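Below: one structure, written as structure tokens.
The values are calculated or read from the model by the stated rules, or taken from the named source; none is laboratory data. Everything numeric here is computed off the predicted structure, so don't read it as measured data. A quick note on method: Cβ atoms are made from the backbone with ideal geometry, for glycine too, and the neighbour counts reach across all protein chains shown.
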Amino acid sequence: MNDISLGVLITLLILLIALSAFFSSSETALISLNRYRLRHLAQRGHRGAQRAQKLLERPDQLLGMILFGNTFANILVSSLATLIGLRLFGDSGLAIATGVLTFLLLIFGEVAPKSAAAVLPERFAWPAAWIYSFALPAIAPFVRLIGWLSNLALRPFGIDPRKKIVHGLTAAELQTLLRESSHLPEQYQSLLLAVLNLEQGQVEDVMIPRAEIVGIDLDEPWETVLEQLKAAPYSRLPVYKGSVDQTIGVINVRRLFAPMLDGSLTASRFKRLLREPYYVPEGTPLATQLINFQKENRRSALVVDEYGDVQGFVTLEDILEEIVGSYTSSPVDEENPIQQEPDGSYLLRGAMPLREINRLLEIDLPTEDASTLNGLIVERLEALPTVGAQITEGDITLTVLSVENRAAATVRLTPHKTGSD
């Protein structure tokens, strides 16, 4: 070693510190990779991502190879630094070499490369994965030995590094991920969050309540039925005899346009066009019902309680509006279900679903104990509503303005301003 010039030793020292920086940065980069983006890129044929994914399938071998290389480089750095220190400063050079070496390795071999790799993991990971893919077979025996020994040391603690880790996300975690994503346009973000929120809602939250179901009663004269069909506000209507509990089918009004125009629609032909009613239980999650509509090839269903009594009517459009917002025309729009008053309060129909009110007014009325505004008022009053009855929910006051059939028909919602002027 005494025959080697000082310039060569310093050059080797710099190269070894750079090698140590490579191992440090590649370790941080590979571990910091986003596993979902990595899987996506690998499936699309990205060679760097495919190599990195294969390496990460065996983290014990990967870390063994990195630590083997990094330790080997650091030992050589220490030896060279000691030799250079002795040549330049004699015996006192040992202390000087130790101090300078610690500073150089800490800054240029560890902290700086790891910080850069944490910020730009893919830029460091793809080249490193390419190098490791070729280097691993060459030092495989050493890596296997290191891996076997480390696995043996971890076994008493019940840790198996060879076990494949499945990176899954719950719905709540996925919602957090979407909210924090800076790459998705706001409209797509809102759409995806609305889809995930379907699991929190139930069919009774969006259904048309029993009292507001528009249907066809076959006990009425046929001429009256025809007039009801011509003025039908919806494309699908339940058809019953006397009561909605006696529903015999559902009619698609669009299929009646041609026979009604040419006057060939008769009661018997009308009955032949009916489709068997489809029932769903209360409490069915909206996400589940959306899938059920697809499986059953249906677009509407009658919602029944535990006794089989009809409580409402839900359509595919009602669920889709929970995702994309209101996009269909209905008589509700014409009746102005929410009317803003000059004093800042709102007039609402008592039968309005709470989820719809929350969405339109951007408020947070509780939906755990009731699905409609009237239901919430009855729940809080613990009695049937009367004109003038009031309840307070947080910073919102609800006042009953009119009552029909023992239910709140019109309600004033008054938000209270918070803060000081």
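Assess whether residue 69 counts as being within 14 Å of residue 23 (Cα to Cα) and in a helix (DSSP H, G or I). Yes, satisfied. Filtered by the rule that a residue be in contact with a helix residue (DSSP H, G or I) (Cβ under 7 Å, 6 or more places away or on another chain), outside any helix (DSSP H, G or I) and not acidic (Asp, Glu), segment 270-297 gives 273, 278, 280, 284, 285. Out of 62, 105, 94, which single residue is closer than 18 Å to residue 133 by Cβ, more than 32 Å from the chain's Cα centre (by Cα) and not small (Gly, Ala, Ser)? Every option except 62 fails the conditions.
Among the candidates 310, 314, the residue that is at pLDDT 90 or above, over 20 Å from residue 195 (Cα atoms) and β-branched (Val, Ile, Thr) is uniquely 310.
Close contacts from segment 264-276, counting a first residue that is free of Cβ contacts under 8 Å to residues at least 60 places away in the same chain and a second that is among the acidic types (Asp, Glu) and assigned to a loop (DSSP other than H, G, I, E, B), with Cβ to Cβ under 7 Å and a gap of 6+ residues or different chains, come to none at all.
Checking each residue in segment 1-54 for being more than 23 Å from residue 83 (Cβ to Cβ) and either touching a Pro at 6+ places or on another chain (Cβ under 7 Å) or not assigned by TED's automatic domain parsing to the domain that holds residue 119 (or both) picks out 24, 25, 29, 32, 33.
A quick yes/no check of all residues on (1) modelled with pLDDT under 85; (2) in contact with a Lys or Arg (Cβ under 7 Å, 6 or more places away or on another chain); (3) not in a loop (DSSP other than H, G, I, E, B):
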| position | (1), (2), (3) |
| --- | --- |
| 344 | no, no, no |
| 357 | no, no, yes |
| 369 | yes, no, no |
| 384 | no, yes, no |
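Residues of segment 23-60 that are aromatic (Phe, Trp, Tyr) and either surrounded by fewer than 20 Cβ atoms within 10 Å (Cβ to Cβ) or farther than 18 Å from residue 124 by Cα (or both): 36 alone.
All conditions but one from (1) part of a strand (DSSP E or B); (2) surrounded by fewer than 14 Cβ atoms within 10 Å (Cβ to Cβ) apply to residue 264; the one that does not is (1).
Counting only residues that are over 19 Å from residue 304 (Cα atoms) and either surrounded by 14 or more Cβ atoms within 10 Å (Cβ to Cβ) or not assigned by TED's automatic domain parsing to the domain that holds residue 304 (or both), segment 233-250 holds 2 of them. Condition check for residue 45 on (1) in a helix (DSSP H, G or I); (2) of a type outside the set (A, V, I, L, M, F, W, C); (3) modelled with pLDDT of 85 or more: one failure, at (1). In segment 54-68, the residues that are over 13 Å from residue 151 (Cα atoms) form Cβ pairs under 7 Å with partners that are buried (at least 16 other Cβ atoms within 10 Å of the Cβ) and acidic (Asp, Glu), at six or more places apart or across chains, as follows: 66/27.
Filtering segment 184-230 to residues that are of a type in the set (Asp, Glu), in a helix (DSSP H, G or I), touching a residue at least 24 places away in the same chain (Cβ under 8 Å) and within 30 Å of residue 251 (Cβ to Cβ) leaves 204, 205, 212. Annotation note: Cβ proximity below 6 Å between a residue of segment 30-42 that is without any contact (Cβ under 8 Å) to a residue 12 or more places away in the chain and a residue that is of a type outside the set (A, V, I, L, M) and in a helix (DSSP H, G or I) (sequence gap 6+ or interchain) occurs for 42/50; 42/53. Inspection of segment 198-209 identifies no residue that is under 30 Å from residue 77 (Cα atoms), surrounded by 15 or more Cβ atoms within 10 Å (Cβ to Cβ) and modelled with pLDDT under 85. Residue 286 meets all of the listed conditions (1) at pLDDT 90 or above; (2) out of contact with any Lys or Arg (no Cβ under 7 Å at 6 or more places or on another chain) but one, namely (1).
In the set (1) at pLDDT below 90; (2) closer than 30 Å to residue 322 by Cα, residue 263 fails one condition alone, (2). Which one is nearest to residue 15 (Cα to Cα), of the residues in segment 70-111 that are among the aromatic types (Phe, Trp, Tyr) and buried (at least 16 other Cβ atoms within 10 Å of the Cβ)? Ranking the qualifying residues of segment 70-111, first place goes to 108.
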